[in-house]
Each structure stands twice: as C-alpha cells, then as structure tokens.
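Read-outs: derived from the displayed coordinates by stated rules, not from any lab. Fair warning: this is a prediction, and the values are worked out from it, not measured in the lab. Glycine also receives a Cβ, built like all others from the backbone with ideal geometry; neighbour counts cover every protein chain displayed.
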Amino acid sequence: MTGLLSGHDLTLFRGDHCLFNSLEFALDAGELLVIEGTNGSGKTSLLRAIAGLLEFETGSVIWAGKQVRDHYQAFREDLVWLSHRVGFKADLNLVENLKFEAGLRRGNQALFESVCDRLNIAHLADLPMRSLSAGQQRRVALARMPLTSARLWMMDEPFTNLDTAGRQIVEELIGEHIADGGLCVVASHQALNSSENMRRLLLS
Amino acid sequence: MTGLLSGHDLTLFRGDHCLFNSLEFALDAGELLVIEGTNGSGKTSLLRAIAGLLEFETGSVIWAGKQVRDHYQAFREDLVWLSHRVGFKADLNLVENLKFEAGLRRGNQALFESVCDRLNIAHLADLPMRSLSAGQQRRVALARMPLTSARLWMMDEPFTNLDTAGRQIVEELIGEHIADGGLCVVASHQALNSSENMRRLLLS
Amino acid sequence: MWKFLHKLASPPHFYDLSAKMIPWFAIIGGIFIMYGTIAGLFFAPPDYQQGDAFRIIYVHVPAAYLSMMAYMIMAISAGIGLIWRIKLSHAVAAAAAPLGAWFTFLALATGMIWGRPMWGTWWEWGDPRMMSELIMLFLYFGYMALRAAIDDTVKADKASAVLAIVGAVNIPIIHFSVEWWNSLHQGSTLLRDGGPAMPAEMLYPLLAMIFGFTLIFGALLLGRVRTEVLFRERRSRWVRNLVCAQEGRNE
Amino acid sequence: MNERESEPPGLSQGLSSIVRRDILLAWKRPGDVLNPLFFFAMVSTLFPLATGPSAAQLAFSGPGVVWVAALLAMLLSLNSLFLSDFEDGSLDQLILSPQPLPLLSLGKAIAHWLVNGLPLVLVSPLIGVSFQMSGQTITVMLLTLFFGTISLSLLGSIGAALTVGLHRGTALLSLLILPLAMPVLIFGARTVSLAANDTAVSAGIYFLAAYCMLALTLAPFATAAALRISNE
Amino acid sequence: MNERESEPPGLSQGLSSIVRRDILLAWKRPGDVLNPLFFFAMVSTLFPLATGPSAAQLAFSGPGVVWVAALLAMLLSLNSLFLSDFEDGSLDQLILSPQPLPLLSLGKAIAHWLVNGLPLVLVSPLIGVSFQMSGQTITVMLLTLFFGTISLSLLGSIGAALTVGLHRGTALLSLLILPLAMPVLIFGARTVSLAANDTAVSAGIYFLAAYCMLALTLAPFATAAALRISNE
Ligand code: HEM
Ligand SMILES: Nc1ncnc2c1ncn2[C@@H]1O[C@H](COP(=O)(O)OP(=O)(O)OP(=O)(O)O)[C@@H](O)[C@H]1O
Ligand SMILES: Nc1ncnc2c1ncn2[C@@H]1O[C@H](COP(=O)(O)OP(=O)(O)OP(=O)(O)O)[C@@H](O)[C@H]1O
Ligand SMILES: [Mg+2]
Ligand SMILES: [Mg+2]
C-alpha cells in the first residue's frame, strides 16, 4: 500500500481504550479519503493523530516518502486543518482572521474576494466572529482552505451547522481541490457525493 | 392564532440588523414546530428569545395563556432546553451531570437506565464528559430531555454531530414526546420526518 | 553498556531487578542509620556551644541534602524521559517528587525546631538556606500540582517534565539570588561554610546517617517506582501474567 | 408528558444540588482546593522577601500582608466562578431551570467559599505564626478572615457574573470588586493590627459580621441580575 | 494545488503576524490594556491602606510593594495568554501552521509584554512618586521593571502553556511560576532598595538583564514543547 499520504500499522489508545489497531490507509494525489464510523468510533482522534496532535501507540504516517514525525515542519507546509472548533478569534472580523492566517502559510490572497463571495460571507466582513451565527462561523472557517495552497486538506465534520446551500459549496470545493491534484481527508456522518477518486475508511 | 405556546408580533434585532419583524407563531399540545432558514437567518436567536435569554424588540410570547415575561418562573418549570453547547460539566461523568439536573427540575429518574441504554451511552458512565467524542456528548445532552417531565422541548440543531442511528433516535424521542401531548420547538437544517402534527416556520 | 541500560529500562526487567535490590538497600541503610542514631545520640560529645540541641543535625543535614538530590534525580530522569521517550524514566520522576517534597519538609521542620533554641526564632527571613529550601518546596508543590491536574498519565509525564527541567535551570539562579540578597542585608552569622570543623565522634555518625538516609531513600524510591510501573503497565501482558501467577492460575 | 411523575424538587433541594455539584467538581480536581491555599501562603512569603527581613517590620506589616494575600487569593479563584458554566452552556441551563436564579447564585457563592475561603481561614494561623503573631491576635485574625472571606465570595460572585463572557481574565474583575472589597480589607487588617496592640477589637468584628450579613442578603440578587444580562 | 502561487511567508513575517494579531486583539478591547495597569495601581495603594500610612514605613517598603504589585499584575494577565487560543481552536491552527512553534510562542510573549508589561513600566514612576522615591531611584526602578517584566512575560508563557486546557484559573499558574519568578522579584526589589539608599546598583541590573536574555533564548522552546503537550 503506497501513496502520497499513507499510514502503516496504526494503533491508537484513548485512556485505556483501544480505538483501532493495525490500521492501514493510503491516499494519492487527487484522491479523497472519507473516514466513517459511529459516534465515538475514533474519527476525530484518527484525524488529530495523523496531523500529529495526538500520538499513535504504534505505527507511522508517511507523507511524500518521509515519516511525518521526523519531518513535521515540511508536512505542516502542505497541510491545512479544519476541526470542530472554528480556530479563529471571536473578537476579530473575518478579514482580520483570514489575513492573519495568510501571514503564516503560503496562499493566494488574490482569490480572497471570490472565495468570500462564493461562501456568501462577504457581507459579514464588518462583524466580529462572535456575532456570526454558527453556520456563518463555519463558512468563515471553511474559507481558509481554498485560500491556502496546501495540498492536503484535513476536515473534521465540515458539514456541521451548514444549510443545504452551504453543504453543496463544501462538496464543490472538495471536488475542485482533488481535481486539481490535491488530497483531502474528511471525517463525516453525512454522505459525500461519491466519485471514483473517493476512498472510504470505516472505523467500527 | 392561539395555542398553548404562541408568539405575537415578534421583532428581533441583533446589532443594527433586523432579523424578522411581526413574526407570529402558535403551537398546541402534541405539536412540533420546526424553524427553518438559511445560515444566519435567525433561528438560534429566535429560540433564545422565546426562552427568555434574549429580548424581543416588540411583541410577546404567551405560554398557557400568560405572558412569559411576567410569569417566567412558571414557564421555566415547563421548559427543557438543548443548545449548541452541551450544558454539562466536562469534569463530571454523565451520571453526575444528569443527577444534578434532576435536583433542579421535576423528572422521572426511574427512566434513567432505559434512556441511557436507548441513547447508547450507558457504557460511558465512568468517563468524564471531556473524554467523550462530540457525538457522545451530544447524546448525553439529549438524555436530559426524556428524563424531565417538562412539556416544552426547545432544541437547537439537535442532530449536530450525531451518526445515522443517533439521528433516528432523536426523531423517535421527539415523536414520542408529541404523541404524549408535549410540545417541541426545533431549529434544524436537516429535514425531520414530517407528520400532520408538524408546523414549519421559515425565516428568510 | 547501552544494551544494559536498554534492558534496565524495560519495565518487567526493572520490576524483577528492583525486587532484589530493595531489601539490600533497606537493610544496609537501616544498619547505618542504627549506628548513626546510637552513636550520634549517646556517644557523640555534646557541642561545647549548643549542648545536646545540636544532635538534630543527624536528621537535618541528611534531609536537607536529600531534598536537593531528589530534585536532581527528578529533573534528570524527567529530561531523559522527555528526550528519549523512556517511560520508566518518567515513572522515576513521578515517584521522586513526593519523596523530595517530604525531605524538603523534613529539612525545613528540623531546621525550624533547631532554630528555636539556637536563634530564638522559628523562622528567619534573612537566611538564604531557609529561603532557597522553601522555594524548593514550592517547586515540588508546583510539580505535583501540575501532575495532579492532568488526568492522562502520558500527558502529565511530559508536561511535568518540562516544568522540572525549567525548574532545574532555575535552581542555581534562585540559590545565588537569595544569597546575594541576604549578603546585602546582614552578615551570614549562623551558617558558616566549610562546616566539618567537628570532632570525629560527631562527624562519623553524621556521615553514617547521610549514607543510611540515602540508601533508605533509594529503597523508598525503588518501591514507589515499582508501584508506579505496575499501575502504568496495568494493561500489559506481563502485569496480567504476574497477577494471574500470584492468584495461582494461568491466563 | 402530562402525568407528573414525581414531586418537583424544592428550593432546598435546588440549593443543595448546586452546592454539592460545585464541591464535587472541586473534589474531582483536588488541586483546585489547594491552589488558593498555596497562593495565599506564597504571597505571604513574597512580601517579607521583597521588603527585607526584620522582625519589627514583620510584626508591623503582618496583618496587612495576610489580609492582602487573602484578598488576592479569593480574587484569583473568583475569576473562574461562572466562566466554565458560561462556556459549556451550563449557565443557560441554570438560568432556564425552574429554580430561582438568586438561589442558585447563592449556592455557587457558598460552594466557592467552602472550597476556597474556608481552607484559607483554616490555614491562616500557620502564617500568623510565621509573622510572629500572638495567640490572641491569631484568634482575631481567624474571626475577621471568616467573615471577610464570606463577604468576598459573595461580592466576588457579583463581579464574576458581570464579567463572565468578556474573556478578560481577572484584571477587570479585580477592578470591579476591589472598591467593594476595600471596607472588608481595611477593617480586617486594622482589626488584626489593633489586636496585635492589645486594643479593643469588637467594633471591627461586628462591622465585618454585619457586612457579611448584608452581602448574604443582597449579593445573590445582584448576581442573578448580572448573570441574566451577561448571558445574552 | 500544485502550482505554488506565491512565496511562502518567512520567519519574520510569521513573527510579526502573530504579534500584530495579539496587539489588534488587545486594541479591540482597550480595557485589556488598562486592567493590569489599574490592578498594579490598586495593589500599590492597598498596602499602605492595609498596613497604615507612615512616611518612614512607606519609603522603606515602597520598592517591595511596587515589585510585588508588578509581579502579581503580570501573573494575572498571563492566565489568559493561551486560553482563548486553546478554546477557539486557534492553538490547533498555530501548532499546525508551517511556522516553527517556538517562533510563534515568542511572538505571543512579545505581544503580551507590549500589551501588559510595557504600560506597567511606563506608569510605575507615578507610583514611585506616591511612595516618595527620589528621581534616581525611579530610574533604577524603571530599568529593573523593564528587564523584569520581559522575563516575567517569557517565564509566564511557559506556565500558561503548561496549564492551558486545565481550567484551573490563575492559582495553579501562579504556583508554577512564582518559584521561578522569585529571583526576578528579589533582585528587582533589592536593587531598587539599594538605589534608595544610594548604594551601587549595577550588579542587580546586570543580573536582571542577563536573566532576561536567558529567558529570551530558552523560554520559547520550553513554551512550544509545553503547548504541544497541553493541546493533546
Ligand atoms: C528552617 C530552617 C533551616 C533550613 C531550611 C535549613 C536548610 C539547610 C540546608 C539546605 C542545608 C544544606 C545541606 C547540604 O548542603 O547538603 C543545611 C545544612 C546545615 N544546616 Fe540547616 N537549615 C535550617 C536551620 C538550621 C539551623 C537552625 C541550624 C543550626 C544552628 C542548621 C545547621 C545546619 C548545619 C550545621 C548544616 C550543615 C552545613 C554544612 O555542612 O555545610 N540549620 N541546612
Ligand atoms: N451583534 C450583532 N450585530 C449584528 N448582527 C448580529 C449580531 N449578532 C448576531 N448577528 C447576526 O444575527 C444573525 C442571526 O444569527 P443566528 O445565530 O440566530 O442564526 P441561525 O439562524 O441560528 O444561523 P445558523 O443556521 O448558522 O445557526 C446572523 O446573521 C448574525 O450575523
Ligand atoms: N481519556 C479517555 N479515556 C477513555 N476513553 C476516551 C478518552 N478520550 C476519548 N475517549 C474515547 O475515545 C473515543 C473516540 O472519540 P473520537 O472523538 O475520536 O470519536 P469520533 O469518531 O470523532 O466520534 P464523533 O462521531 O462522535 O465525533 C470515544 O469513544 C471516547 O469516549
Ligand atoms: Mg468527532
Ligand atoms: Mg444557529
């Protein structure tokens, strides 16, 4: 099993409880990995561990032929992350928040307006994040993904709090990203439009 | 327009922005009100205002023939509330959390085990809430509803983070509650099984 | 050498080895302490200045010395654990902290008791040794409070290791600063350096006590590490085998 | 559900529920109970360190230092009084529960005092000894701290309720509370000083007790009102 | 996307981004900048209040009180250093950003100092005057506070990183930091006292400067390590 991103012999514990062991996965450029499983099956934990925020008990994750653990900085240059929590400051507005991220990682700020328009958040630019509704906050968080040029998108339940139109946009964004040769790892309870580039990983 | 719970001429502002005005709704025992609308249309704000956590600019909410504003305590005896946030202490386990609620409001503790079994959280009783996954926390939060004997359930996006089985259970719980003569106000982006007892309120 | 260390760091091996070491430490340490106590209390001559009050030195000095020693052990093993990811080493640090805090407390308490007849006060803010000992007690408390605040053992290990190392960097600075502070204010009247200007009948029991205390400390530390290891490895096969063997059945 | 299965919990049950829950929370993290204590002890040692050791100095500033240390220890622990309730949504639940909110606020303040104030009162004699106070002075200090910390828990709960949701740390809270707490501090410290000089102290203690009663009757209502506003 | 559209931001850009963001955040809530200041001023006035006013006393304990007040004001503001980042998920984003985490930690500490430490240094002369310090003493106090507060911001960031996510308020943080901050406090206060007595002070200032340099080089790495651990 090889690929640009792959995991080998992964075992993860939370407390005394083994979430999974000897898990293997591989993902190539232009592919989407959907992690599925019931509540508490370990999707979030797996994502966090792949990103290096949790430690696997055994096994290793390989990115572009190198161990993530040993080349963490290089891995992070290719990664953009979306979690349950928004990851933006509630006191700043979305422009300030997104500009801050632009100072940290490579991206294309020329797209700024078109991305905001597309996610229908452009008219919210004057409000601090704390005044936005749950779904609006989620949309702002999502805007960070197309604004960077990171190849690997990791998303934990990207559809949470979104309305139908919002969910549609997320699917399109993911579709375009992998069509462009990017990789995407998503944990979700909601079915994504399947395509031949989609792989599934079922945790039980 | 009358009903056990009704709202008349409701207007709500957030900041300078008018979310809705002259809104009317009414709901009788055994009925379900689903509030729908796109992201940012004001569902959460409406729910919070009905519960008395926000103030309407104009209009009033009537419960059992009395103004909620003036008989707030009596209204709260009939209310149980589920919001975006879990509302439980992360350091306590679910038994301790649910027992605490039992000390505050009328309920039927005899159901405790059956409710936990049904929501599939019984095996998590030893873990503090912070160790539970997003969906598991949500299930614990939901457990508070059937454990009280409040007649009015208000729920903000009850399906968030739940897997398919979880969403199914929530639908059943709501169904049973209104079949029992309860009332339920739900804001959700996900379609609920419609029945003749369901009313819809579309915010735009 | 490396191989030996690696083997030692494996929990089951450590568990077996320490079981053999503890009795030796305890017995030899006990003998030294017994000698030190008897010789110190009954045979050492009374101090020409302090009379019999000086005899508390036989507890005070070993305790004070071990309080520092325990911190060093704690910080070094925490560092090893953090850098080389050796779990046993974290267990050592975790086990050393309460012991160190106890010895620090003991040094403070005996010092205070001693200070009462000697200086006429329980506590003297001006004394650098007292102050750095007190600050050290707070360092231990901080370490233990941090550990207690984190449920997850692995996380607690790593977080407290960072603190122990930062504290170790600071200890010399603390010591120096307190001393400097004091030297400005009043002469160091009470604790002169280069102590052992004492007769052999006084000195040998003291050395015996220091040595005996150290061995007992070693035994206690090993014992605590054993329980710590057993708890941490509770889901591993060797611990389960051990428990089954003790209950007289096979898994 | 129209059949009412059980008796609704009464006021006393509501009060005891929340007191018990908050104590349980502290119990789950035993460090929480000890931290204000250590802090109290540390501040009491910082001052002699910073101002320099001299027995006369110490005896003179002892009561003031102990009292300022107690005040700060209480202030620090107050910051988190409603914070976690606000953040995890428990505050919504408390406000929407059928129990009167002033009652629940009182319960939170009581639990806060039991967890933070009481241990501090109990440990204060040790610090008194280290400042070379006499036995009688220590008794007076105990009494003043007893009433004083209760008042501080109650007053502090108002401030904590006003600042919850502002994410401002302790600084704003202190700013709001210090003026209210000033009488407590001044009377507390002065009374202990007087005791050290063998002067009559009953007036100070009466004042503190009366202030404490006043806080006990009024603060819960102020706290409840503040909570409703902050939680919008 | 395989075409790399723009140059990746360099280290200096990463550092300045985070410093600017944190200052902007403070700017959005101007109260935040003022709070530690008020706190500093209030503690400095509490002591004279609690111990009683006597000119000789004041002159004697002035340096100690100012320094303890500064230390406490810094401690209080440190509690929230990483807290909001942790809670809103920004910490995940910082850790997963391509910038080296020690650099970002340094940036947070710098912003903390600019927002909390610097105003405190600037306002300290006022308090010095109220304690009847001479002009030269005030200069020395400014210098010691300058180096001292930088060290405290840096040391404090280690403690804040270790305790983030534990929901323990300032008490645990203080417990961790106070022993480490002791040398700063002692040297700071003593040096100011010396200046008040017209004794040579350069040794103390050198020490504080050296300690500050040490903290500047080592603390960011300890903070980064602590953040990775706490954010599990
Ligand atoms: C609370 C009070 C005291 C504390 C915290 C304290 C602390 C210490 C410490 C840290 C040491 C160093 C041990 C070592 O270097 O290995 C020490 C040694 C010693 N202490 Fe104390 N001490 C206190 C009171 C006293 C008193 C009152 C006396 C007697 C008058 C005393 C006599 C000694 C002696 C003789 C030594 C050995 C000195 C040497 O060999 O350098 N101590 N103490
Ligand atoms: N202080 C404020 N100033 C201006 N607008 C505000 C303020 N607070 C909230 N709003 C706006 O009020 C609207 C209502 O938000 P609300 O949370 O009620 O929406 P919602 O229907 O629940 O959305 P979602 O589906 O995303 O949860 C949002 O558009 C938000 O931007
Ligand atoms: N400290 C702990 N001790 C024991 N179990 C734990 C601990 N922390 C987490 N868990 C368990 O780990 C499991 C994995 O949680 P995780 O958040 O990864 O699930 P998930 O698949 O994302 O679920 P969800 O769909 O609900 O988001 C859960 O069952 C949780 O109860
Ligand atoms: Mg999850
Ligand atoms: Mg909403």
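Based on Cβ point charges of +1 for Lys and Arg and -1 for Asp and Glu, what charge dipole magnitude is obtained for the range C:1-144 about its Cα centre, in debye rounded to the nearest 20?
660
Taking Cα centre as origin and charging only the Cβ of basic (Lys, Arg, +1) and acidic (Asp, Glu, -1) residues, the dipole magnitude of the protein assembly as shown rounds to 1980 debye.
Site pair D:Leu114 and D:Ser16 shows an inter-label distance of 1.0 nm when each label is modelled 7 Å from Cα along Cα→Cβ.
Between helix D:118-130 and chain D there is an angle of about 10 degrees, using the helix long axis and the longest principal axis of the Cα atoms. Mean sequence separation of contacting Cα pairs (under 8 Å, at least six apart), scaled by the length of chain B, corresponds to a relative contact order of 31 percent. Please determine, in degrees from 0 to 90 and to the nearest 10, the orientation of helix A:164-179 with respect to the longest principal axis defined by the Cα atoms of chain A, where the helix direction is its Cα long axis. That works out to roughly 60 degrees. Ranking B:Ala150, D:Gly165, E:Leu218 by Cα position along the charge dipole of the protein assembly as shown, where only Lys, Arg, Asp and Glu carry charges on their C-beta atoms, puts E:Leu218 farthest toward the positive end. Distance between the pseudo-spin-label points of B:Gln168 and E:Thr45 (7 Å out from Cα toward the beta carbon): 6.7 nm.
On the beta carbon distance between C:Val243 and D:Leu122, with R0 = 30 Å, the FRET formula returns roughly 0.10.
Which value at 222 nm does chain D reach when only helices count, each DSSP H run of 4 or more adding -39,500 (n - 2.57), with the total divided by all residues and rounded to the nearest 500 deg cm²/dmol?
-27500 deg cm²/dmol
Taking every C-alpha pair closer than 8 Å and separated by at least 6 residues, the mean separation divided by the residue count of chain D gives a relative contact order of 27 percent.
Candidates C:Ile86, B:Cys18, B:Leu4 compared by Cα position along the dipole of the protein assembly as shown: farthest toward the positive end lies C:Ile86, with charges placed on Cβ.
Just the Cα atoms of the range D:41-194, one point each, no solvent: what log10 I(q)/I(0) does Debye give at q = 0.19, 0.21 Å⁻¹? So the normalised log intensities work out to -1.10, -1.26. For the range B:17-58, the residues whose backbone nitrogen is under 13 Å from a point 7 Å from the Cα of B:Gln67, taken along Cα to Cβ, are B:56, B:58. Given R0 = 30 Å, the distance between the Cβ atoms of C:Leu8 and C:Thr121 translates into a calculated FRET efficiency of 0.05.
To the nearest ten degrees, helix C:153-185 and the longest principal axis of the Cα atoms of chain C are 10 degrees apart. For the segment E:189-199, counting C-beta atoms of other chains within 10 Å of every residue's C-beta and taking the mean gives 3.
Selection among C:Leu137, C:Ala245, C:Phe43 by position relative to the dipole of the range C:21-250 gives C:Ala245 as farthest towards the positive end (Cβ unit charges, Cα centre).
The residue in chain A that lies nearest, by its beta carbon, to the axis linking chain A with chain B is given here with the distance in whole angstrom as A:Thr160, 3.
List the trypsin sites (Lys or Arg not before Pro) within the range C:6-106 that DSSP assigns to loop and that have no more than 16 neighbouring Cβ atoms inside 10 Å.
C:Arg85
For A:Arg130 and A:Ala179, FRET efficiency with R0 = 30 Å and r from the beta-carbon atoms, rounded to 0.05? Between A:Ala179 and A:Arg130 the formula returns 0.25. Annotation: extensible slack from C:Tyr65 through C:Trp24 equals 12.6 nm (criterion: 0.36 nm per residue apart, minus Cα-Cα distance). The Rg/Rh ratio of the range B:131-204, with both radii computed over alpha carbons and Rh defined as the Kirkwood radius, is 0.95. When all alpha carbon pairs of the protein assembly as shown are counted in 10 Å bins from zero, the resulting P(r) reads 2, 9, 17, 21, 20, 16, 9, 4, 1, 0, 0 %. Of the cross-linked pairs B:Lys66/B:Lys89; B:Lys43/E:Lys28; A:Lys66/A:Lys89; C:Lys158/E:Lys28; A:Lys89/B:Lys66; A:Lys43/E:Lys28, those separated by over 32 Å at the C-alpha level are B:Lys66/B:Lys89; A:Lys66/A:Lys89; C:Lys158/E:Lys28; A:Lys89/B:Lys66; A:Lys43/E:Lys28. Hull volume per residue, based on the alpha-carbon atoms of chain C and their convex hull, is 155 Å³. Charging the Cβ of each Asp and Glu at -1 and of each Lys and Arg at +1, and nothing else, the dipole of the range C:21-250 about its Cα centre rounds to 1180 debye. Distance between the C-alpha centres of the range B:1-76 and the range D:78-128: 32 Å, rounded to the whole angstrom. When you filter the GluC sites (Glu not before Pro) in the range B:124-204 for DSSP loop state and at most 14 other Cβ atoms inside 10 Å of their Cβ, you are left with B:Glu196. Once you wrap a convex hull around the alpha carbon atoms of chain A, what is its projected area averaged over all directions, in nm²? The Cα convex hull of chain A, projected and averaged over all directions, gives 11.2 nm².
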